[in-house]
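Shown next, in structure tokens, is the structure this report addresses.
The values are calculated or read from the model by the stated rules, or taken from the named source; none is laboratory data. Computed from a predicted model, the values in this text were never measured in an experiment. All Cβ positions, glycine included, derive from the backbone under ideal geometry; neighbour counts span all protein chains shown.
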Amino acid sequence: METTHKNRPSVIVADDNASSAIYMSVVLSRMNLNVLPLPDAQGIVDTASEIHPGMIFLDAGLPDDGAFETLKKIKGEPLTANIPVSVMAPREDHVTHTKLAKLGHDMVLDKPVDPHQLHGMISDNIQTSYKVKRRYLRVATDKKVFLMRNERLRSYNAVSISERGIFIREPSPMDVGSATSVVIPTEGSDRLLLDGKIIYTRDMYGRMFDVGPGMAIEFTDISQKQSIKLRRHIGHLIELGL
């Protein structure tokens, strides 16, 4: 299991299909979540009671009706009853949808998994460590971006990017409140130019983040066209290399 970061919500993924489990784990990790992958549903209630994850994903294909029996156990246990549970199943799997309807459960994640649907589900159900729900699609990245600083366009390494802003690694951050422009290389040779302002730096929060010194930039005055393009780019980064 990957190293746990205390500021990240945790999720459990129970799937006996290794390829599917790896895909989900990578996508969720790139969305900045701690992931505990399990090859079956055995002991999942005890595990969830101990770590109390932000969400649980159960594959409908788990042996012996594992997903449905586990769902009933999770909802029947006081320590886990309030944990959101999503069952992963193909949209055309009518048997699974019928069984879930009889259980009064309608949270189903379509397979193959679409990162945008997954993010919507996470946004609706998982709170961050600051007790707020995630509204924006977000991904960890190490891609280079360009920032206007002292009237010059300089190259920086991004740490994460969301629909709201970007965190850039930089030993000497700009002052909070400073206005700037960010150029993000997107697919092919295209680039996305966004205005922004510095809203905090790593130095202000010491060891709060598991990244090096840097600065967070909030995008400002984003047009609908820019927003669509940015969201598409983030989705591409989430799937990159999978």
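Overview of values
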| read-out | value |
| --- | --- |
| Residues satisfying the stated conditions in region 197-222, i.e. part of a loop (DSSP other than H, G, I, E, B) and either touching a Gly at 6+ places or on another chain (Cβ under 7 Å) or modelled with pLDDT of 70 or more (or both) | P213, D221, I222 |
| Filter pass, R232 being farther than 12 Å from I168 by Cα, in the same structural domain as S172 (by TED's automatic domain parsing) and at pLDDT below 90 | yes |
| Criterion violated by A14 - all others in (1) farther than 15 Å from H119 by Cβ; (2) under 22 Å from the mean Cα position of the chain (by Cα); (3) surrounded by fewer than 19 Cβ atoms within 10 Å (Cβ to Cβ) satisfied | (3) |
| Selection count, region 69-82, where residues are surrounded by 20 or more Cβ atoms within 10 Å (Cβ to Cβ), of a type in the set (A, V, I, L, M, F, W, C) and in contact with a Lys or Arg (Cβ under 9 Å, 6 or more places away or on another chain) | 0 |
| Which numbered condition I22 misses (of (1) at pLDDT below 90; (2) more than 20 Å from Q117 (Cα to Cα); (3) surrounded by fewer than 17 Cβ atoms within 10 Å (Cβ to Cβ)) | (2) |
| Among the residues listed as D142, D110, D106, the single one being at pLDDT below 90 and in the same structural domain as L58 (by TED's automatic domain parsing) | D106 |
| Residues satisfying the stated conditions in region 99-113, i.e. more than 26 Å from the chain's Cα centre (by Cα), exposed (fewer than 10 other Cβ atoms within 10 Å of the Cβ) and not charged (D, E, K, R) | G104 |
